[in-house]
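The values are calculated or read from the model by the stated rules, or taken from the named source; none is laboratory data. If you're wondering where the values come from, they're calculated on a predicted model, not measured in any experiment. Virtual Cβ from ideal backbone geometry, glycine too; neighbours counted across all protein chains shown.
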Amino acid sequence: MNHIGLSCGFHDAGLTVISADGEIRFASHSERYSKVKHDKDLCTEIVEDALNYMHGPYTLNYYEKPWLKLYRQFRAGQDLTYPSAKKVIGTKVLDCFDTQHVKTHSHHKCHAAAGFQTSHFTDATVVVIDAIGEMDTISIWDARYNRHGIAQYKKLWSKSYPDSIGLFYSAMTKRAGLKPLDEEYILMGMVAYGSSTLADIMKFEVLDSAKNFQFKNNLHIGVDDNFMSHLSDMDIAACTQKITEDLICNVMKLAVKLGRSRNLVYGGGVALNCLANRLLGNYFNKIWIMPNPGDAGNSLGAAALSYGKEVAWRDAFLGHEIKGPYPVDDIINELITNKMVGVASGRAEFGPRALGNRSLLADPRGTEIKDKVNEIKRRQKFRPFAPIILEETVHNYFVMPRHWNDSRYMQVVAGCKYPDLYPAIVHADNSSRVQTVPNDGSGIRKLLERWCEITGCPMLLNTSLNIRGEPMVNDRVDADRFEKLYNLKVCS
């Protein structure tokens, strides 16, 4: 039996296929096919692509319990809609399948499964922090396999709506003039330019108890535009980050106290806060964050719960395939000639971050590169770019946080030892969101090895390859449009 996981209906719809022997055959985002950023609905194109990667019968698994969500909406006084499968998933999408029966799984348990069953840990303490599931906003689990290899989950503690670290961060994102559930990563980028001196005052305004994660108001509706009006947007960002980190640390302390394992599996949308992630090694010895820990990644969690056992996780390249060998020579030639190049090759990344298969790459040396890439990306100049680096060299160039010996999925911030030499990949505070590449024989690994042989530099600037206002490039048609719009070569 194949296991199909579906997440849709709120934001960032995704679909995953796990085979009968535990292989992740396909996992991707609906937005890559519809070209609608953060598309909440599944489109028929992603289903058709996914069905190419499976044979035989399958089950359909949905990433939350609609009736429990309806109960929470009822308690909150929200408008209610009957949560039928056709209503939530869409008639056109369901018509693509041979069955209309959909099994539902709890939202936070899907986050837990997406992390634990891909972690290769035999046991773990699982922490989930997001905006909201059906009811839970924070949960702590014990996860381990029984003697038959079936994953067992025991919820140790949880916090319920409306008290939510994720909703707080989104509310402050909106207060800073940004789009919530979309531009939280921009707020994180603003932190280095602000001051957190008044974080305690903000904390007093929003929290009844930091220890108990209890907020004074329901931040689902945001805050008044005049909230902390004496602060600049940059200071709002810095104070928000400081409070969020304090709260996350409190959750981790509780998880250490309640959990039986010092292996941490961390999931939920808040796990994308790579600045806060630098602190996790203060509490756990080993850390695993599945590279798509948000709601789209819950499609993998739903499929994993249906499969039941450890999933054969290898890497995040699980989406649409552009066939052909990784174009190392073509990329090198463009980098030497033009300092930057696009690459759209192999299978697309599952997760919000480009990891080398749908990337815009550039020489990190020199002062002009950052501005050139920003001109193409048309984004705020204060935002940093990430370095992609040979894993064995990372400690020569970056001060990695405790228990973060690698960062293969660009999940943590580290201090750069030589910011003056690599100005294109450091932030205002000389930090970098590092991506390390192991010696795995992949195309991006061969590219970095070749680049290092030629230049002596083991890293490149790496950012997502996307047309302004659209998700990451998915297929060659997207890549051709990118080339035409920005007059930049995209190698496949």
Just one of K69, K87, K65, K37 is without any contact (Cβ under 8 Å) to a residue 60 or more places away in the chain and of a type in the set (D, E, K, R); which is it? K87
Considering only residues that are touching a residue at least 24 places away in the same chain (Cβ under 8 Å) and assigned to a helix (DSSP H, G or I), look in the range 456-487 and name the one that is surrounded by the fewest Cβ atoms within 10 Å (Cβ to Cβ). E483
Quick one: P162 ticks every box in (1) part of a helix (DSSP H, G or I); (2) in contact with a helix residue (DSSP H, G or I) (Cβ under 7 Å, 6 or more places away or on another chain); (3) touching a residue at least 60 places away in the same chain (Cβ under 8 Å); (4) surrounded by fewer than 20 Cβ atoms within 10 Å (Cβ to Cβ) bar one, so which box is it? (1)
Would you mind telling me which numbered condition in (1) in contact with a helix residue (DSSP H, G or I) (Cβ under 8 Å, 6 or more places away or on another chain); (2) of a type outside the set (A, V, I, L, M); (3) in contact (Cβ under 8 Å) with a residue 40 or more places away in the chain H108 fails? (1)
Go through the range 85-112 and give me each residue that's closer than 23 Å to F350 by Cβ and outside any helix (DSSP H, G or I). G90, C96, F97, V102, K103, T104, H105, S106
Mind listing whichever residues of the range 222-246 are part of a helix (DSSP H, G or I) and over 20 Å from the mean Cα position of the chain (by Cα)? D233, M234, D235, I236, A238, C239, K242, I243, D246
Which residues, counting only those in the range 276-297, are more than 19 Å from S164 (Cα to Cα) and in a helix (DSSP H, G or I)? L280, G281, N282
Scan L178, L187 and give me the residue that is closer than 20 Å to C274 by Cβ, without any contact (Cβ under 8 Å) to a residue 24 or more places away in the chain and crowded, with 17+ Cβ neighbours inside 10 Å. L178
Residues of the range 122-146 being within 22 Å of V311 (Cα to Cα) and part of a loop (DSSP other than H, G, I, E, B), which ones? T122, N146
Condition first: touching a strand residue (DSSP E or B) at 6+ places or on another chain (Cβ under 9 Å) and polar (S, T, N, Q). Now tell me which residues in the range 346-395 satisfy that. N357, S359, T393
In the range 1-11, what residues are farther than 16 Å from D39 by Cα and assigned to a loop (DSSP other than H, G, I, E, B)? M1
Restricting to strands (runs of 3 or more DSSP E) lying wholly in the range 12-84: which have 3 or more residues that are under 21 Å from the mean Cα position of the chain (by Cα), within 22 Å of A114 (Cα to Cα) and not assigned by TED's automatic domain parsing to the domain that holds P352? 14-18, 24-29
Which is within 22 Å of D12 (Cα to Cα) and either part of a loop (DSSP other than H, G, I, E, B) or modelled with pLDDT of 95 or more (or both), of G115, G149? G115
Just to be sure I understand the filter: pairs with C-beta atoms under 6 Å, separated by 6 or more residues or on different chains, first member in the range 371-382 and under 15 Å from I467 (Cα atoms) and part of a helix (DSSP H, G or I), second member modelled with pLDDT of 85 or more and of a type in the set (A, V, I, L, M, F, W, C). Which pairs pass? V373/A362
Based on this model, can you work out whether L448 counts as crowded, with 17+ Cβ neighbours inside 10 Å and part of a strand (DSSP E or B)? no
If you go through the range 410-419 one residue at a time, do you hit one that is in contact with a Lys or Arg (Cβ under 7 Å, 6 or more places away or on another chain) and of a type outside the set (A, V, I, L, M)? no
Under the condition of being surrounded by 24 or more Cβ atoms within 10 Å (Cβ to Cβ) and of a type in the set (F, W, Y), which residue from the range 101-146 is farthest from the chain's Cα centre (by Cα)? W141
Given (1) within 19 Å of S119 (Cβ to Cβ); (2) polar (S, T, N, Q); (3) in contact with an Asp or Glu (Cβ under 9 Å, 6 or more places away or on another chain), where does N273 come up short, assuming only one miss? (1)
Is at least one residue of the range 307-316 touching a His at 6+ places or on another chain (Cβ under 6 Å) and touching a residue at least 12 places away in the same chain (Cβ under 8 Å)? yes
Residue under question is A302, and the condition is that it be under 29 Å from H101 (Cα atoms), out of contact with any Lys or Arg (no Cβ under 6 Å at 6 or more places or on another chain), of a type outside the set (V, I, T) and touching a residue at least 60 places away in the same chain (Cβ under 8 Å); does it hold? yes
When you scan the range 103-115, do you find a residue that is assigned by TED's automatic domain parsing to the domain that holds Q241 and among the hydrophobic types (A, V, I, L, M, F, W, C), even just one? no
In the range 383-421, which residue that is assigned to a loop (DSSP other than H, G, I, E, B) and charged (D, E, K, R) is surrounded by the fewest Cβ atoms within 10 Å (Cβ to Cβ)? D420
Return yes or no: is G324 of a type outside the set (D, E, K, R), touching a Phe, Trp or Tyr at 6+ places or on another chain (Cβ under 7 Å) and modelled with pLDDT of 95 or more? no
